[in-house]
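First up is the structure itself, then whatever we jot down about it.
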Amino acid sequence: MVVCFDLGGVLVRICRTWEEGCAAAGVEPRSFEPTHDHAERRQVLIDALQRGELEDHEFHRRVSELFDGAWSPEEVRRVDAAWLLGTYPGTAELVRDLHRRGHRTACLSNTSAGHWTPLLDFEPVGLLAERHASHLLGLVKPEQDIYAEFERRLGVEPAEIVFFDDLLPNVEAARIRGWDAIRVDHEGDTAAQMRDALEDRKSTRLNSSHT
């Protein structure tokens, strides 16, 4: 069995809103009236960054423009750099326990080049046996191609993968692929949620073997 983790919202705490990112970076909050398509245009930029199609500095410039210059590219860079807040308690211990039980561990994360090195420095991420990221693959979740590429690189079948992600579209896409995908509540104890899910699956398999 391969236990695969998303990173942000599962192993690593992240900012969830622009306002939270400004607070984490110590950047002054300012009033801004978004256009009707602001969120969609910002997501297009994020997807391009996370596919590796945009350099970080270009992303910061374009986000500044998207905000009509309310925040400078340097301030956007500071917010981006402050987006990673730390690890969830108990996640490193969970990864170690999985290794002791003989399971392969991995991550499949939508992220950027600028976030990747700091992410690898977080203990639970550094402990993972396999680390795969969107900007390295040129693909993003929830596109089906990224799940297929993950399987190819690990040499595993979909049914062999247990996957944890905090975003429902990513979970649903993995389930369509045939993965055993579980949604994690990023506001709760993520390590406990994942332990409970893994124990449930262990009990189910044991019960199945006795029938």
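What to note about this one:
- For segment 114-138, taking the residues that are more than 21 Å from Leu98 (Cβ to Cβ) and not aliphatic (A, V, I, L, M), the one that is least open to solvent (accessible area, probe 1.4 Å) is identified as Ser134.
- Taking the listed residues Ala82, Ala48, Ala39, the one that is surrounded by 15 or more Cβ atoms within 10 Å (Cβ to Cβ) and within 30 Å of Asp189 (Cβ to Cβ) is Ala82, with no other qualifying.
- Members of segment 92-113 that are at negative phi and surrounded by fewer than 19 Cβ atoms within 10 Å (Cβ to Cβ): Ala92, Glu93, Arg96, Asp97, His99, Arg100, Arg101, His103, Arg104, Ala113
- Condition check for Lys141: charged (D, E, K, R), under 30 Å from His57 (Cα atoms) and either assigned to a helix (DSSP H, G or I) or open to solvent by less than 40 Å² (accessible area, probe 1.4 Å) (or both): yes
- No other residue among Glu20, Glu74, Glu65, Glu53 is open to solvent by 20 Å² or more (accessible area, probe 1.4 Å), modelled with pLDDT of 95 or more and part of a loop (DSSP other than H, G, I, E, B) apart from Glu53.
- Residues of segment 168-177 that turn out to be touching a strand residue (DSSP E or B) at 6+ places or on another chain (Cβ under 8 Å) and open to solvent by 30 Å² or more (accessible area, probe 1.4 Å), as a count: 3
- Of all the numbered requirements in (1) open to solvent by less than 50 Å² (accessible area, probe 1.4 Å); (2) within 14 Å of the chain's Cα centre (by Cα); (3) more than 23 Å from Asp196 (Cα to Cα), Glu58 misses one, and that requirement is (2).
- Within segment 123-176, considering residues that are in contact with a Ser or Thr (Cβ under 8 Å, 6 or more places away or on another chain) and of a type in the set (Gly, Ala, Ser), the one nearest to Leu49 (Cα to Cα): Ser134
- With respect to (1) surrounded by fewer than 20 Cβ atoms within 10 Å (Cβ to Cβ); (2) touching a helix residue (DSSP H, G or I) at 6+ places or on another chain (Cβ under 9 Å); (3) under 20 Å from Pro142 (Cα atoms); (4) in contact (Cβ under 8 Å) with a residue 60 or more places away in the chain, the lone exception for Leu11 is condition (1).
- Pro34 vs. criteria touching an Asp or Glu at 6+ places or on another chain (Cβ under 7 Å) and open to solvent by 50 Å² or more (accessible area, probe 1.4 Å): no
The values are calculated or read from the model by the stated rules, or taken from the named source; none is laboratory data. Given the structure is predicted, the values throughout are model-derived calculations rather than measurements. In this analysis, Cβ positions are derived from the backbone assuming ideal geometry, glycine residues included, and neighbour counts consider all displayed protein chains. Side chains included, ligands, DNA and RNA excluded: accessible areas come from the protein's heavy atoms. Shrake-Rupley method; radii C 1.70, N 1.55, O 1.52, S 1.80 Å.
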